[in-house]
Every structure is written in structure tokens, then in C-alpha cells.
Amino acid sequence: MASFLVLLLRSGPEWDPAKPMEKQSDWEAHAECMDGLVERGFVVLGGPLADEHRIVLAVEAESEEAVRAELARDPWHETHLVVDRVEPWTIRLRSSKTPGAK
């Protein structure tokens, strides 16, 4: 059974702090990869924190190993983004306005 996990990523060694996210090298390939993960339902929520150097993703996957294998396909893996943490997430509250909620 699939479960939800929360990931904390941070900028990696090739991240240029002088440039916005969309101006980083390989942005288009990274964006295409992430869009695909969203379309397939792997990424449920995601985006940068206020400092723009940390990213949070909520994903639906079988295990941490499955998450790491999926993210290894991203052109930014270990270059622009490094995974700091992967934590299981138990959802106890859900709005009735959430798509698919009963």
C-alpha cells in the first residue's frame, strides 16, 4: 500500500544563489521531470520555502527507497538539489474541499 512521505531538499553544489530558480542551469529539464512526477501522482504538493534554498515535497510512494530512486532521474539530483530528509507522513486531518476527499 502506498503511503505519503515528506521530503526536505536543499540547494546543491551547482546551485547559483545569485540566480532565481527558473534561471538555474538545466531548469527546463528539471521542470519537465517534476511536471511528470506531478502528472503521475507521485508528487502531491511541493515548492520552495521562503528562503528559496530549501524545497518541501509531499509524495505518495511505497518507501523511502522508491522516493530516492524516482528522484535520481531528475537532472538536478545531487547537483542543484540534495535530499536532506525523507519522513513518513501520517495524515489525520483532511479538508472536505481536498480533491478526492469524502
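The values are calculated or read from the model by the stated rules, or taken from the named source; none is laboratory data. None of these values were measured; they are calculated from a predicted model. When the accessible area is computed, the model is the full protein with side chains, heavy atoms only, and any ligands, DNA or RNA have been set aside. Shrake-Rupley method; radii C 1.70, N 1.55, O 1.52, S 1.80 Å.
Structure data summary
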read-out: Nearest 10 degrees, 0 to 90: helix 27-39 Cα axis against the chain principal axis; value: 10 degrees
read-out: Exposure rank, largest accessible area first [LEU5, LEU93, LEU49; 1.4 Å]; value: LEU93, LEU49, LEU5
read-out: Average accessible surface area per residue within the chain, 1.4 Å rolling probe, Å²; value: 68 Å²
read-out: Segment 7-102: relative contact order as a whole-number percent, Cα under 8 Å and 6+ apart; value: 42 percent
read-out: Net lengthening on full extension, LYS23/LEU8 (0.36 nm per residue, minus Cα-Cα); value: 3.2 nm
